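S.K.: The structure that follows is given in the form of structure tokens.
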Amino acid sequence: MNPDELSLLVKATAFAARKHKDQRRKDDASSPYINHPVYLADVLVHEGGVTDLHTIAAALLHDTIEDTETTADEIEAHFGVTVRTIVEEVSDDKSLGKRACKQMQIDRAPSLSTQARAVKLADKICNLRDVVVNPPTGWELERRQAYFDWAKEVIDGLRGEHAVLEELFDQVYAQRPGEE
Ligand code: ZN
């Protein structure tokens, strides 16, 4: 990795940490939000074997537009247009409401770029693992099952480009709550 690439990754980590600094996950421990994007990057590199710099940077930044005040222009100014595009591809437009966002993810999955597919896979892998081991507070069995089924519908729409990540997804999906 050359110094520019290293700089981009550290900058993306620091940027995400700053943007998410006051946010917490919805689990019982109220874990720091930043754990989640860092976990995505870890899964991509160390489990998925992904080496594409822009994919890793986008994973670190993937929730900044959706969940913080960050704009797409800001991402582009700091990280370039490739990272901006990937982050935009995996961002929900929350003004649409929760239901529409969920449907939109299913509808958009088949047209995602290769890089956005990797980020989306890692996001769903991490979220399902969290639901298995450390679920959001108050999620009944039915809600956890519905979340698994929705995630699978999204992922089924983008298969064919990331065999290792798809296999990791299938492994966690096999742990769908309620199935012994
Ligand atoms: Zn996420």
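S.K.: Looking only at the stretch 61-113, which residues are in a helix (DSSP H, G or I), of a type in the set (S, T, N, Q) and either open to solvent by 50 Å² or more (accessible area, probe 1.4 Å) or at pLDDT below 95 (or both)?
M.R.: Filtering the stretch 61-113 down to residues in a helix (DSSP H, G or I) leaves 61, 64-67, 72-79, 81-89, 94-96, 98-111.
Retained after the next criterion (residues that are of a type in the set (S, T, N, Q)): 64, 82, 85, 95, 103, 105, 111.
Selection gives Thr82, Thr85, Ser95, Gln103, Ser111.
S.K.: Turning to a different aspect of this structure: Out of the residues in the stretch 1-23 meeting the condition of being of a type outside the set (A, V, I, L, M, F, W, C) and touching a helix residue (DSSP H, G or I) at 6+ places or on another chain (Cβ under 8 Å), tell me which one is least open to solvent (accessible area, probe 1.4 Å). So that I can check it myself, show each step before the final result.
M.R.: Going through the stretch 1-23, the residues of a type outside the set (A, V, I, L, M, F, W, C) turn out to be 2-5, 7, 11, 13, 18-23.
If we keep only those that are touching a helix residue (DSSP H, G or I) at 6+ places or on another chain (Cβ under 8 Å) as well, we get 5, 11, 13, 19-20, 23.
Values: Glu5: 64, Lys11: 89, Thr13: 55, Lys19: 54, His20: 4, Gln23: 51 Å².
Looking at residues that are of a type outside the set (A, V, I, L, M, F, W, C) and touching a helix residue (DSSP H, G or I) at 6+ places or on another chain (Cβ under 8 Å), I get His20.
S.K.: Please go through the stretch 140-161 and give me each residue that is open to solvent by 30 Å² or more (accessible area, probe 1.4 Å), touching a helix residue (DSSP H, G or I) at 6+ places or on another chain (Cβ under 7 Å) and part of a loop (DSSP other than H, G, I, E, B), ordered by number.
M.R.: Arg159, Glu161
S.K.: Filter the stretch 162-173 down to residues that are in contact with a helix residue (DSSP H, G or I) (Cβ under 7 Å, 6 or more places away or on another chain) and part of a helix (DSSP H, G or I), then give me how many there are.
M.R.: Number satisfying all stated conditions: 6.
S.K.: Given the structure, is Arg159 farther than 15 Å from Gln115 by Cα, modelled with pLDDT of 95 or more and out of contact with any Leu (no Cβ under 6 Å at 6 or more places or on another chain)? Explain how you work it out, then say what you get.
M.R.: Details: farther than 15 Å from Gln115 by Cα: no; modelled with pLDDT of 95 or more: yes; out of contact with any Leu (no Cβ under 6 Å at 6 or more places or on another chain): yes.
No; evaluated as a whole, the condition is false for this residue.
S.K.: Separate question: Mind listing just one residue for me: the one in the stretch 128-138 that is outside any loop (DSSP other than H, G, I, E, B) and open to solvent by 20 Å² or more (accessible area, probe 1.4 Å) and, of those, nearest to the ligand (Cβ to nearest atom)?
M.R.: Checking each candidate, the answer is Asp130.
The values are calculated or read from the model by the stated rules, or taken from the named source; none is laboratory data. Given the structure is predicted, the values throughout are model-derived calculations rather than measurements. Please note: Cβ atoms are built from the backbone with ideal geometry, for glycine as well, and neighbour counts cover all protein chains shown. Surface areas here come from the heavy atoms of the whole protein model, side chains and all, with no ligands, DNA or RNA. Shrake-Rupley method; radii C 1.70, N 1.55, O 1.52, S 1.80 Å.
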